[in-house]
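Heads up, the thing below is written out as structure tokens.
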Amino acid sequence: MSDKEQFNFAKKIKGYGSYDGKLKSEYKSIERIVRVDDELCVKPKIITSLGEYIEFIGSLETSYEDPVFYRGQGNANFTINPTVLRINPENERLMIDSFTRRFSNEIYSCTNDMARLVLMQHYGLSTRALDISESPLAALYFACSPMKKFNKNREKELAEWGEIAIFRDPKKETEKKPDELKVISSATVSIGASTAFMERKFNLWKLGMEWKKDNNFMRDEKYIPLRDIVRRSVIVRVPQNNVRIKNQHGALIIVNANEVIRVGGDEKKALELTEYILKEDEPELSFMSLIEDSRWKKLLDKEKTWELEFRKIKPYSGENTHKIFDKDPFNLRRLFYRDKKGNQLVALIPPEAKKKIVDDLARFNITEDFIYPDMDNVANEINEQINK
């Protein structure tokens, strides 16, 4: 997807779109509630200093049991979308296979597919996992200072408005335990991660075989909630097993977005089934549920899970048959942090405020060599600090 397409989608979906020079002298006027559609209102908070940001963060309700997570982006015009799916879903399996061939010992030492994705994400491979952080200061750094080592468009990004999206588990008030905040061994997380290892087109049997490797062979893919395959996103607290994740207080959002393309031998019924799953009236709807339903049981053999086939969709492409995949492909909106009035809260940083904020963050040792404590990054930071 081109930059122009990204901007257009952000303007339509996020509600605050792209910014230009005309707004720089009057950006305070943006601090208003913007209605995106009937389902979501956005309340941007303009941040021009570290002090303003700390005050903003202090207004959020958070605890270890009910935490808030942050995602800093140097360009507010971009949608929140994993690069590997945005460019071409065909590439996901190709990239995983290529990385695995080169680092097979490291990959196969991981205990499950999610751990493999975490490792790949750590070394910069594009995956379906979205980086988030429990550290608001780390997120602010990401929004204000693109990494020098890998960012070819650093100067361009510095000239754009930064953004900090805020997430939390959307548990119901009547529930005591989080619903969408998962551990790495969660079955839902495992389903999303296992999908990454599938080809663009795959069937339930193949996904089940991959999924069982993460769990155990006593589990049956016939009982996988189809919602977890078709449209789902969950927050994952990953093991703090390296210095970078510890310093960043890193976590991930694992996403899934696929459509049904065949039900038994009937492709026409696939459209209807996808729409049925998307309604989410029955969150535990599974293959077993389908073969007990008069609408589907004539099409499916209860022993042949390969008769249910899926295809990875390209999020926000505008070419999807099911329009929800153009608007909210992963059901990610429900994870946005909202105020008591139901407005999505987001922090926006004007480009001219970025340098001062980065300088102030450095006073608290929030620098690139802290965020990325690899030896070459630390060496580069020393060079810049001493050879000014």
## Note on the structure
For region 57-138, the Kirkwood Rh over every pair of distinct alpha carbons, in Å, works out to 14.9
### Message
Tell me which chymotrypsin sites (Phe, Trp or Tyr not before Pro) from region 202-274 have a DSSP coil assignment and no more than 11 other beta carbons within 10 Å of their own.
### Response
PHE217
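For GLU272 and VAL243, what does the FRET efficiency come to when R0 = 56 Å and r is the distance between their Cβ atoms, rounded to the nearest 0.05? Intermediate results must be reported in sequence, preceding the final value.
Values: r = 50 Å, r/R0 = 0.89.
Rounded to the nearest 0.05, the efficiency is 0.65.
Looking only at Cα atoms, what is the convex hull volume of region 284-341 per residue, in Å³? Numbers along the way, then the final one.
Details: hull volume 8.9 nm³, N = 58.
Dividing the Cα hull volume of region 284-341 by its residues yields 153 Å³.
Only loop residues by DSSP count here, and only those with at most 10 other Cβ atoms within 10 Å; note down the chymotrypsin sites (Phe, Trp or Tyr not before Pro) in region 61-111 that meet that. Display every interim value, and only then the final one.
Numbers: sites: TYR64, PHE69, TYR70, PHE78, PHE99, PHE103, TYR108; in loops: TYR64, PHE78, PHE103.
In loop regions of region 61-111 (DSSP not H, G, I, E or B), the sparsely surrounded chymotrypsin sites (Phe, Trp or Tyr not before Pro) are TYR64.
Among the trypsin sites (Lys or Arg not before Pro) in region 317-346, which ones are in a DSSP loop with at most 12 other Cβ atoms within 10 Å of the Cβ? Mind listing them? The partial results should precede the final answer.
Values: sites: LYS323, LYS327, ARG333, ARG334, ARG338, LYS340, LYS341; in loops: LYS323, LYS340, LYS341.
Sparse-neighbourhood loop trypsin sites (Lys or Arg not before Pro): LYS323, LYS340, LYS341.
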### Query
Which distance in nm do the two modelled labels at LYS156 and ILE386 give, with both placed 7 Å along the Cα-to-Cβ direction?
3.5
### Query
For region 276-316, treating each Cα as an identical point scatterer without solvent, what Debye log10 I(q)/I(0) comes out at q = 0.19, 0.22, 0.29, 0.31 1/Å?
-0.66, -0.83, -1.10, -1.15
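Just so you know, all these numbers are worked out from the coordinates, no wet-lab data involved. Computed from a predicted structure; not experimentally measured. All Cβ positions, even for glycine, are placed from backbone atoms using ideal geometry, and neighbour counts span all protein chains on display.
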